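Chemist: Quick one: structure below, then a few questions.
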């Protein structure tokens, strides 16, 4: 899977590349408008991460270019502006998703994974992890082929875990993913959800993959 | 004190003083003139009597009328200067003291000398003086009254541009984009005032906008370094060989960064709302939005053992910006969840007129009204920034909704009254 990170802030694009490369993505970076256009001209990407405030030009122009060329690259806009107008314009121009800075890498990773899943529509919408599988189209979870009944939030939580498998996810990132910003900083809510999810997976087939990492958060792992 | 009251307080005593002094002197002068007139009449009588004596050699008959009396008294004196005087005589018939003007003069009737006395009643003259005085005073009082009233009317008219300017200033809002519209006036003082007001408001607005822009830009610029900090922490925390101490440090840094990030986002949001960047107003289906939001938190409430009671009318439409409506709902409901007891309750009511959320929770330490202020918060925990309610207040302010926050009967009650909600 090839990903292009168009971001003028080097430290940020490095972090993103670092995090994403672990998940079998090969990442390229572009730091300004022109180098971004050049890279796009010669390569196809599964997903393009696009910062819309770029030196040398408007990031939205790059998006327009991609759509004009009728390319299939997924586009995720990342912006420091968090402005509604940009979000609406971006999505109207055909971007697949929008994420405002600052974001959690785990959130970015989950969104990229979702975009790529949707792009590669040809059947492969099922994610496997050991004896567990998640059908993202039917929103169905099975352990050893037996379905597991999950509530909506539990399903979202599991999908988030699976997308960021074997990585540490902070409690903050989980809270924000499930309920948005306004519940941020309030961690006692996620604890109950995680406890319930873990119990259901255990009951279904000893799939105890959710590990609590002292003080930091959680990890979805088989080790 | 009103200007006119202050003005009257000075002018009315002066006018009354002048009125008293002038009427007294007027009376005295008038009196003097009439006495002079009376004396002239007495001199005519005197001449007639002397003429009569010279022609006939006889004294005229004495007379004793009500308004004129003549009598003679023999005298040894051969020389006597004419003497004018005033005397008060008690009138038995009418039981009053009457003033008379009299003249005493010497009459020579063939070597026999008499002092002749002619008295004329002053009553009539007094009456005339009084009448004239009354009429004059009446006219003056009426004049003053007219002047007083017309002054009021005139002053009110004259001060109209001032009042207009004042009203405009009252309605003036920093955040509003429309300029202050001052009425044209041809009075120099007010022209000057208006110019100053215009200058000041423009300057204030400019400064305010600059400050807002600064806040917004600063918040924007902070986002990127914050993003880098957060992401680097996330990367670092993936490392397998961290000591417990490392983890603790990392955790503290992470929490601080997360809090800073939320703080920054809230401040940015406040700046944007105040800058009216959410200008797009539509008819928002508040019922639908509220239900959807509550559904999203169903599981969360369930996990915390919170009982949610809903009394939400269908198809309540509110004219406002959709994003702001969402922020309004989410801030109020999430507050009700956060500041609640395990096993507590939340009541959500919505009608076309109002939106009320009440929840069980610990008693606030400060006046509930103060919690609308920025950075006013009950808990010192990291999950509360003290900006949620002030964001809510800012939103209700720009739409002219009325908001109250009470703590009664162990419940926090936040109530918003819509003023221009329209039925679906």
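The values are calculated or read from the model by the stated rules, or taken from the named source; none is laboratory data. Only a predicted model underlies this, so the values are computations on that prediction, with no experimental measurement involved. Please note: Cβ atoms are built from the backbone with ideal geometry, for glycine as well, and neighbour counts cover all protein chains shown.
Chemist: Only one of B:278, B:297 is closer than 22 Å to residue B:357 by Cα, touching a helix residue (DSSP H, G or I) at 6+ places or on another chain (Cβ under 8 Å), crowded, with 19+ Cβ neighbours inside 10 Å and touching a residue at least 12 places away in the same chain (Cβ under 8 Å). Can you tell me which?
Modeler: Working: B:278 fails: closer than 22 Å to residue B:357 by Cα.
The conditions single out B:297.
Chemist: Something else: In the list A:116, A:48, A:127, which residue meets the criterion of being assigned to a strand (DSSP E or B) and closer than 20 Å to residue A:165 by Cβ? If you could, list the steps in order and put the result at the bottom.
Modeler: Numbers: A:116 fails: assigned to a strand (DSSP E or B); A:48 fails: closer than 20 Å to residue A:165 by Cβ.
That would be A:127, the only listed residue that is assigned to a strand (DSSP E or B) and closer than 20 Å to residue A:165 by Cβ.
Chemist: Whether any residue in the range B:59-73 is within 25 Å of residue B:136 (Cα to Cα) and either touching a helix residue (DSSP H, G or I) at 6+ places or on another chain (Cβ under 9 Å) or assigned by TED's automatic domain parsing to the domain that holds residue B:139 (or both) is what I want to check.
Modeler: Initially, the range B:59-73 is screened for residues within 25 Å of residue B:136 (Cα to Cα), giving none.
No, the conditions are met nowhere in the range B:59-73.
Chemist: Related question: When the range A:1-45 is examined, which residues are found to be crowded, with 19+ Cβ neighbours inside 10 Å, in contact (Cβ under 8 Å) with a residue 40 or more places away in the chain and part of a strand (DSSP E or B)?
Modeler: A:3, A:4, A:5, A:6, listed by residue number.
Chemist: Please verify whether residue A:151 is within 12 Å of another protein chain (Cβ to nearest Cβ), over 27 Å from residue B:263 (Cβ atoms) and at pLDDT 85 or above, treating the condition exactly as stated. Walk me through it before giving the result.
Modeler: Values: within 12 Å of another protein chain (Cβ to nearest Cβ): yes; over 27 Å from residue B:263 (Cβ atoms): yes; at pLDDT 85 or above: yes.
Yes: the conditions hold for residue A:151.
Chemist: Follow-up question, since we're still on this one. Inspect the range A:82-95 for any residue being in contact with a strand residue (DSSP E or B) (Cβ under 6 Å, 6 or more places away or on another chain), more than 14 Å from chain B (Cβ to nearest Cβ) and closer than 23 Å to residue A:174 by Cβ and give the result as yes or no.
Modeler: So far as the range A:82-95 goes, no, none of its residues is in contact with a strand residue (DSSP E or B) (Cβ under 6 Å, 6 or more places away or on another chain), more than 14 Å from chain B (Cβ to nearest Cβ) and closer than 23 Å to residue A:174 by Cβ.
Chemist: Of the conditions (1) part of a helix (DSSP H, G or I); (2) closer than 18 Å to residue B:234 by Cβ, residue A:66 fails just one. Which one is it?
Modeler: Result: residue A:66 passes all but (2).
Chemist: Another one. Can you tell me which residue among B:336, B:342, B:311, B:301 is in the same structural domain as residue B:404 (by TED's automatic domain parsing) and part of a loop (DSSP other than H, G, I, E, B)?
Modeler: Values: B:336 fails: part of a loop (DSSP other than H, G, I, E, B); B:311 fails: part of a loop (DSSP other than H, G, I, E, B); B:301 fails: part of a loop (DSSP other than H, G, I, E, B).
Unique residue meeting the criteria: B:342.
Chemist: Could you tell me whether the range B:278-287 includes any residue that is within 9 Å of another protein chain (Cβ to nearest Cβ) and either in a helix (DSSP H, G or I) or within 38 Å of the chain's Cα centre (by Cα) (or both)? Steps first, answer last, please.
Modeler: First, the residues of the range B:278-287 that are within 9 Å of another protein chain (Cβ to nearest Cβ): B:278, B:280.
Filter once more, keeping what is either in a helix (DSSP H, G or I) or within 38 Å of the chain's Cα centre (by Cα) (or both): B:278, B:280.
Yes.
Chemist: Quick check: is even one residue across the range A:197-208 part of a strand (DSSP E or B) and either modelled with pLDDT under 85 or in contact with a strand residue (DSSP E or B) (Cβ under 9 Å, 6 or more places away or on another chain) (or both)?
Modeler: Within the range A:197-208, the first condition is being part of a strand (DSSP E or B), and the residues that meet it are none.
No: the range A:197-208 contains no residue that is part of a strand (DSSP E or B) and either modelled with pLDDT under 85 or in contact with a strand residue (DSSP E or B) (Cβ under 9 Å, 6 or more places away or on another chain) (or both).
Okay, residues lined up against (1) within 9 Å of chain A (Cβ to nearest Cβ); (2) surrounded by 19 or more Cβ atoms within 10 Å (Cβ to Cβ); (3) touching a strand residue (DSSP E or B) at 6+ places or on another chain (Cβ under 6 Å); (4) not in a helix (DSSP H, G or I):
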site: B:230; (1), (2), (3), (4): yes, yes, no, no
site: B:236; (1), (2), (3), (4): no, no, no, no
site: B:247; (1), (2), (3), (4): yes, no, no, no
site: B:252; (1), (2), (3), (4): no, no, no, no
site: B:262; (1), (2), (3), (4): yes, yes, no, no
site: B:268; (1), (2), (3), (4): yes, yes, no, no
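Chemist: What's the total number of residues in the range A:15-26 that are more than 10 Å from chain B (Cβ to nearest Cβ) and closer than 18 Å to residue A:165 by Cβ? Outline the logic, then answer.
Modeler: Going residue by residue through the range A:15-26, those that are more than 10 Å from chain B (Cβ to nearest Cβ) are A:17, A:20-21, A:23-26.
Restricting the remaining residues to those that are closer than 18 Å to residue A:165 by Cβ gives A:20-21, A:23-25.
Total satisfying the criteria: 5.
Chemist: Within the range B:28-48, which residues are surrounded by 13 or more Cβ atoms within 10 Å (Cβ to Cβ) and closer than 11 Å to residue B:118 by Cα?
Modeler: Correct list: B:39, B:41, B:42, B:43, B:45, B:46.
Chemist: Just one of (1) assigned to a helix (DSSP H, G or I); (2) farther than 30 Å from residue B:146 by Cβ; (3) at pLDDT 90 or above trips up residue B:29, so point out which.
Modeler: (2)
Chemist: Also, quick follow-up: Assess whether residue B:382 counts as being surrounded by 14 or more Cβ atoms within 10 Å (Cβ to Cβ), modelled with pLDDT under 85 and in the same structural domain as residue B:290 (by TED's automatic domain parsing). Steps first, please.
Modeler: Working: surrounded by 14 or more Cβ atoms within 10 Å (Cβ to Cβ): yes; modelled with pLDDT under 85: yes; in the same structural domain as residue B:290 (by TED's automatic domain parsing): yes.
For residue B:382, the condition - surrounded by 14 or more Cβ atoms within 10 Å (Cβ to Cβ), modelled with pLDDT under 85 and in the same structural domain as residue B:290 (by TED's automatic domain parsing) - is met.
Chemist: Sticking with this structure for a sec: With respect to residue B:323, is the statement that it is under 47 Å from the mean Cα position of the chain (by Cα), within 29 Å of residue B:346 (Cβ to Cβ) and modelled with pLDDT under 90 true? Show your work before the answer.
Modeler: Working: under 47 Å from the mean Cα position of the chain (by Cα): yes; within 29 Å of residue B:346 (Cβ to Cβ): yes; modelled with pLDDT under 90: yes.
Against the criterion (under 47 Å from the mean Cα position of the chain (by Cα), within 29 Å of residue B:346 (Cβ to Cβ) and modelled with pLDDT under 90), residue B:323 qualifies.
Chemist: Among the candidates B:326, B:322, single out the residue that is in contact with a strand residue (DSSP E or B) (Cβ under 7 Å, 6 or more places away or on another chain) and either without any contact (Cβ under 8 Å) to a residue 60 or more places away in the chain or within 14 Å of chain A (Cβ to nearest Cβ) (or both).
Modeler: Numbers: B:326 fails: in contact with a strand residue (DSSP E or B) (Cβ under 7 Å, 6 or more places away or on another chain).
One residue alone meets the criteria, B:322.
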